[in-house]
Structures are given as C-alpha cells and as structure tokens.
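The values are calculated or read from the model by the stated rules, or taken from the named source; none is laboratory data. Model, not experiment: these values are computed from the prediction. No Cβ is skipped: glycine too gets one built from the backbone with ideal geometry, and neighbour counts run over all protein chains shown. Side chains included, ligands, DNA and RNA excluded: accessible areas come from the protein's heavy atoms. Shrake-Rupley method; radii C 1.70, N 1.55, O 1.52, S 1.80 Å.
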Amino acid sequence: MAKPFASSADLGEKRQSLEVLADGVYALTAEGDPNVGAVEGEDFLVCFEALATPVAAREWLTRLREHTDKPIRYLVLSHYHAVRVLGASAFGADVIVAHDKTRALIAERGEQDWASEYARMPRLFKQPESIPGLTWPTATFSDRFTIDLGGDRGDLVLAYCGRGHTEGDLVAWLPRQRIMFAGDLVESQAALYTGDAFHREWSAGTLDRVASFGAETLVGGRGAVARGKAGVDAAIAQTRDFLTVMLREAGAASTLKEAFDRTHRALEPEYGAWPIFEHCLPFNVSRLWDELHGVERPRIWTAERDREVWEELQS
Ligand SMILES: [Zn+2]
C-alpha cells in the first residue's frame, strides 16, 4: 500500500506540555510537534518561535499567560520554516529577531515554503486563514545579538553557529541558567528534517559550536527537553549520528533511489519510530544527493516538487 504523502494523514492531536525550566524560562513541547519557548526579562518577555498560525500561537500564549502577564518585546525566530514563523502576528512583539540569512530566505522562498509545509503538515496549520501573510523580521544579525534581560536576570544571547538545518539558524542561549533553545539544529528523540540543510557543515563545525556552549538543559526543535549534561550530549550526538549515517550511506550510492534505500535501511532500526521519520526522509535524501553532487544551495521546495520526490522515493 502506498504511504500517505508526508504528514498529511497525521491528524491526531498531540499533547502539549508546558515546562518551567528555571525561574522565568518556559518551554512548550508537544510529542514531536515543533517546540516553542519564552524567557522573562525584568519587565518584558522574549518569545522563541511562532508556530504555524496565529490561532495555534494564541493557544500557546494563553498557557504562557497563566505564568506571566509581561508584554512581549521580542519574538525570536530560529529559522525561516513556515511552521516556525507564520504565527508571528499573534505575539504583537515590538521586535522580530532572526538571522540575516533567514530574512533573505523568506524573501527568496517564503511563499513556496508556506505552500509546501501546509501540504506536508496540514494539522499544524490551525485555521490557516488567520495567517496575515509572510513574517518579516524587523531586526537581523550575522554573528551575535544580545538581549539584556534587566534586573539581575543576565543576558539572552542569540548566536549563529554556521550553516546547518538551513542557511540561517540561530540558537538562543542563557549563560546564567545554562539553558539553550537550539531550534531545529538539534532534535531530541525526533527525526531530523534536512531538506534545506548543509549536511557536511551541520554534522561537523556547526554542531561543534552548538556543543561548545556547554548547555545543561537544551530545548531542541522537536521532542522532549534534554536535561543534564548527559542528556544534552545525547541529543547532540543523536543529531550528529543521523547526519553521519545519511552522509555515509548516500555517499556510497550510485543513484538517488539507491541512496534513499540505503539511508532508510541504515536509519530505520534506530530512528524509524521517531516522529516524522518517514515524512522527512525522501526530502532529506533528495537534498543530500544534490549537496553531494555540487548543488551549493538547497533547491526551493514547492508543493509540486514535494509530490514528485515523494512519488519517486517513498511510494
Ligand atoms: Zn525547520
């Protein structure tokens, strides 16, 4: 029987858990759906990630408002993917912060990415008509962006670690609490999406820089919060292993289809049951195949190209 396209048949509601990671530091995880977070400043809030629609974002904000009523000054976007950014209008933030390259990617391929992700993951797009349009960052940076949280709360540091899940991922780092929000650069017991990735850089220097912060709590893009140094190390190691296996298996293949079959066979025993594994793999291998054959930047995914790759590899 043919596999249903991407996550189009995954319509069951996921249970969301709001966790207080430290005084004024919140994470909302959702059994493998995209994670979000928030950090309290002395008299303002920083929100991390915006979810797929304003209606989905408002549900998160309703839960957050049980803990704090501070106004949202900053909305931080880890990268350009639609399911992370299109809920932005619900936050009413003064400033929307992202990496320079994220802004450029939204301009270049934001519309196509929106259509692609909507077809791949319809469940995440709660009331899609509530999206007013593309989300435009109002402050961008290339290396570091530091937010003074005020009082004795220390800083929130937004940092670029190199190309990885996309060209423009950032991590958000709380040095005092040693907590990191890593976006999709690290997944914890969830499959990786690498359809817009730079596998070689991500698996080496970029993850090395993420690890160098020495986080003791890490919120990845999907999956459970990684706790303790051992938990953080394990999440980073899982992410690296997933990429390393992909590189090894696709690198030994002589056709795209063989690359898919080899990669699937090698990853499936360990990662096959993790969220979005089957959904992601055709898109992942398609991009990796390009990368290994000299295509520098990821090709733009469109709803049509998604279906073609799915038909070719996963049916
Ligand atoms: Zn992403």
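Figures for the structure shown
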item: Percentage, to the nearest whole number, of Cα pairs in the range 165-240 over 18 Å apart; result: 28 percent
item: Estimated inter-spin distance, SER315 and GLU270, nm [label 7 Å along Cα→Cβ]; result: 3.2 nm
item: Simple spin-label estimate for ARG200 and ALA9 in nanometres, 7 Å along Cα-Cβ; result: 3.8 nm
item: Contour excess over end-to-end distance, with Cα ends at LYS257 and ALA22 and 0.36 nm allotted per residue; result: 80.0 nm
item: Pairwise FRET efficiency - GLU278 versus THR68, Cβ, R0 = 45 Å, nearest 0.05; result: 0.70
item: Kirkwood-based Rg to Rh ratio, the chain, C-alpha trace; result: 0.95
item: Highest-fluctuation residue, GLY154, GLY223, GLY41 considered, GNM on the chain with Cα pairs under 10 Å; result: GLY154
item: Karplus-derived HN-Hα couplings along the range 78-90 (A = 6.51, B = -1.76, C = 1.60, θ = phi - 60°), whole Hz, x at Gly and Pro; result: 6, 6, 8, 4, 3, 6, 9, 10, 6, x, 4, 5, 5
item: Distance from the range 128-172 to the range 101-118 (C-alpha centre basis), Å; result: 16 Å
item: Total lysine pairs under 27 Å (Cα atoms) in the chain, excluding pairs fewer than 8 apart on one chain; result: 5
item: Backbone N within the range 90-114 under 14 Å of label point (7 Å from ALA139 Cα along the Cβ vector); result: 93-100
item: For the chain, built as a Gaussian network whose Cα springs stay under 10 Å, the top-fluctuating residue of GLU278, GLU291, GLU304; result: GLU304
item: Within the accessible area of the chain (1.4 Å probe), percent carbon and sulfur; result: 49 percent
item: Sparse-neighbour loop sites [GluC sites (Glu not before Pro); the range 21-85; at most 13 other C-beta within 10 Å; DSSP]; result: GLU42, GLU66
item: Mean accessible surface per residue for the chain, computed with a 1.4 Å probe while every protein chain stays in place, in Å²; result: 39 Å²
item: DSSP-assigned coil residues among trypsin sites (Lys or Arg not before Pro) in the range 255-304, each with at most 13 further Cβ atoms within 10 Å; result: ARG299
item: Placed amide H near VAL76: partners under 5 Å, 5+ positions off or other chain; result: CYS47, PHE48, GLU49, VAL97
item: Beta bridges by DSSP in the chain, antiparallel share as percent, to the nearest 5; result: 65 percent
item: Kirkwood hydrodynamic radius over Cα pairs of the range 200-314, then Stokes diffusion coefficient at 10 °C and 1.306 mPa s, in µm²/s; result: 104 µm²/s
